[in-house]
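Please read the structure below before turning to the comments.
Coordinate-derived values only; no laboratory data. Note that the structure is a prediction, hence the values are computed from the model and not measured. Glycine also receives a Cβ, built like all others from the backbone with ideal geometry; neighbour counts cover every protein chain displayed.
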Amino acid sequence: MTKGHARQGTATIQGISRRDFMKFCTVMAVSMGLPEAMAPRIAAAVTAPKRPPVIWLSAQECTGCVETLLRATHPTLEHLLLDLISLEYSETLCVGAGHQAEEFRARSIAANAGNFILVVDGAIPVKDGGIYCKIAGRPVVDILLETAPQAAAVIAIGSCASWGGVPSAAPNPTGATPVHKILAGSGCVVINIPGCPPNPYNFLSTILYYLTFKRLPDLDDKLRPKFAYGRLIHENCERRPHFDAGRFAEEFGDPGHRQGYCLYKLGCKGPETYNNCPSILYGDVGSGSWPVGTGHPCFGCSEEGVGFTVPLHTPARPLHVTPPAMFPAAIPEEGAGATALAAGVAGLALGAGVVALGLSLGKQAEEEED
């Protein structure tokens, strides 16, 4: 092990107390849906002397997916690059440039064939032979098709790489295409980490999972890790109780908006977007540090067919909870207390009916299985 790495019985790890380091590993285990008992195994993987090589390709993108890693604090970018992985190639972070960088990329791929992780950010243009995005004079689509089959796994980071994102918005003049569609039928293992930009910890947790278990985490039908994209934003939003109670902001800056009411009427796409934004937040600066927490509706950046597709202030299409056709006033008029109370009682009755129906259906399904 190199100097400063964890050793049995040492008090510090990279300047961090062993106790704090194990707390970090425990938090990372829980964030990935693993039991706390996995913390020692994660710690062993993090402090292992051999680092997995990573090749990072950038296509049609804004560099936001690289920038998001600069905001991470556990682990920090330098800890990630110098201690956890071996970043062999990245157009943004390479020290070398031009033919020097390209030659090193080719040597690294040859030396680590079958063992390196390929990270791709940005959509892949395919129109006119892919001439709309080139690296060293070659279409990035050709480089991807050449490199991906030699990788142990491919991580498409960001919405552009995951499902086309901004470049694929109509009329999609360059034929921008997500990575997994380019590699369809190639046998390559692809995992999507959508978001614009994605939360760095969804990417870092995926890397840590791979380091620990030597395989990728469980994925959903859109190739996203379930630990990060397994639930709707709407389910964990701090404004969800206001949605259930029928309290909505009608416009930016109105009393309901200032009091933290639900942003559904302002076009919040949380009811149809899968992500863990309200659970892990952004920037490590405390509560409220995510779009809805700052008073802006979620626009579904991480959901295919929503972000950059559905107009910003168009009401969402709730996947599990259908809002009523008419809403009570966000700020009831004076004297409307009795009416509001009656509506509340009716709502409770309706909710109880829905729960009873769900239990009945569940019981019926169990009996059919038996």
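All alpha carbon pair distances within segment 220-267 were sorted into 10 Å bins beginning at 0; the resulting P(r) in whole percents reads 26, 39, 21, 13, 0.
Translational diffusion of segment 66-165, estimated by Stokes-Einstein from the Kirkwood radius over alpha carbon pairs at 25 °C in a medium of 0.890 mPa s, is 167 µm² per second. Once you order the gyration tensor axes a ≥ b ≥ c over the Cα atoms, which shape class does segment 233-331 get: rounded for a/c under 1.5, otherwise prolate or oblate by comparing a/b with b/c? Note, shape of segment 233-331 comes out oblate. In terms of other Cβ atoms within 10 Å, T68, T309 run from fewest to most in the order T309, T68. Rounded to the nearest Hz, the phi-derived 3J(HN,Hα) couplings of segment 227-243 under the Karplus curve 6.51 cos²θ - 1.76 cosθ + 1.60 (θ = phi - 60°) are 5, 9, 10, x, 9, 5, 4, 4, 6, 10, 5, 5, 8, 4, x, 5, 4, where x marks glycine and proline. The H on the amide N of A176, modeled in the peptide plane, is under 5 Å from the matching H of V126, each at least 5 residues off or on a different chain. Counting only DSSP beta bridges whose two residues both lie in segment 49-175, roughly 20 percent are antiparallel. Among the listed pairs K226/K269; K134/K222; K127/K269, give every one whose C-alpha distance is greater than 29 Å. Flagged as over cut-off: K127/K269. Sequentially through segment 132-138, phi angles give Karplus couplings (6.51, -1.76, 1.60; θ = phi - 60°) of 7, 8, 10, 10, 6, x, 10 Hz, Gly and Pro residues having no value and appearing as x.
Rg and Dmax of segment 50-229, based on Cα coordinates, read 15.1, 46 Å. Taken along its principal axes, the alpha carbon cloud of segment 149-254 reaches lengths of 55, 41, 21 Å, longest axis first. Once backbone amide H atoms are built at 1.01 Å from N, V119 has I55, W56, L57, I155 as its partners under 5 Å, excluding neighbours fewer than 5 places away on the same chain.
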